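Nothing in this text is a laboratory measurement; each read-out follows from the coordinates by a stated rule. As the structure is a prediction and not an experimental result, all values here were calculated from the model. Heads up, the Cβs are rebuilt from the backbone with ideal geometry, glycines too, and the neighbour counts pull from every protein chain shown.
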Amino acid sequence: MIAKYVTFAAISILTLMAAFILFRDFLGNLSSITQALRPKLEVSVAQKSTETVTHTQEQNTAQGGGSHATSQAHQLGDSGKLKSAIQEARDLQHFNFVNENNLDKMALLLRNESPDNIAIALSYLHPKDVSTILSTMKPQTRVEVTNKLLHTLEATPDAVKDIEKRLSEKVDYLLGGSDFVLSVLDLSDNKTRERLIADIATHDIEASERLRSEMFLFKDIINLTDNEIRRILERMDNETLSVALRDATPELIDKILNTMSPGGKTTVRQIMDLMQPQPVKKVNEAQNLTVKIIRQLINDGLIMKRVVKKVDAYTVEVEQRDDNRTI
């Protein structure tokens, strides 16, 4: 009986040992197979990843504008990079050389172009700029160009590039112009502007009237409403106002003072009566400051711009006035 149990135990031990040996050999073979397949698996995964990225890029490119631009904006993150990307996009647009500083020159150049070419060029500009340019054209040309713009235009890439190249090469070489003269006059004193307009009128009355219509002189305050004058006075002190009125006409002085309260009017009258004679230069500076305030109010829409074309004649006394002289 005991021999049976010993025999059974020996057989069981041998069976377990055989199973362990077989399992060990299986694990060794599995490791070898895995090592052999690893390079192929890595290549396969890499290819799959590349295909996925390429497919995503192709989808973004196909979608264009909106979603792709938004994705780029999120990826860029940094504001400097975002601005760079926006600038690059703008550089791809046609007629991006046109801006508010050369818009008047662009209008002059387009006068020499056909209605078709004008319409093509205007199609790439901002509606506000288009309106500005159209307003400078002759009525017949304006009608023709507007009619062209009403219909869908079909232009070849070469035609667009040719018009753009021709205009961009010329626009920076149109020198002078009324805007340039006005910018120079803005740096001059009020009396110098008046004298210059009068001098131009002796040679070219049309040019002088055109410049005059774009200028605001101190004496033009007479044409403003009482409420508009009050807006000006809100931004001025009584001392500066009194100096500015030093050589104003009685009509203009009354016009301005009558918009003030009784107390304010009395105060300014007293300052003017007690004020010592002032250098012409100081009077001009006070008047220039007043005009600067008025221009800002016009730009802000708080004062309505009046067009004054009449050019007054000036006496020799005014032309020979010395800035060091007191008044």
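Observations
- Rg over Rh for the stretch 179-319 works out to 0.97, both radii taken from alpha-carbon positions and Rh defined as the Kirkwood radius.
- Seen through its C-alpha gyration tensor, with square-root eigenvalues sorted a ≥ b ≥ c, the stretch 103-171 comes out oblate because a/c lies at 1.5 or above while a/b is not bigger than b/c.
- Once both labels are positioned 7 Å from their Cα atoms along Cα-to-Cβ, the gap between N227 and S114 label points is 5.2 nm.
- For the listed residue pairs K105/K292; K128/K305; K128/K148; K105/K165; K255/K292, the alpha carbons are over 22 angstrom apart in K105/K292.
- Per-selection metrics, the stretch 197-245 (Cα): Rg and Dmax in Å: 14.6, 40
- Label-to-label distance, R142 versus D254, with points set 7 angstrom from Cα along the beta-carbon direction: 4.0 nm.
- Volume of the Cα convex hull of the stretch 117-209, divided per residue and given in Å³: 130
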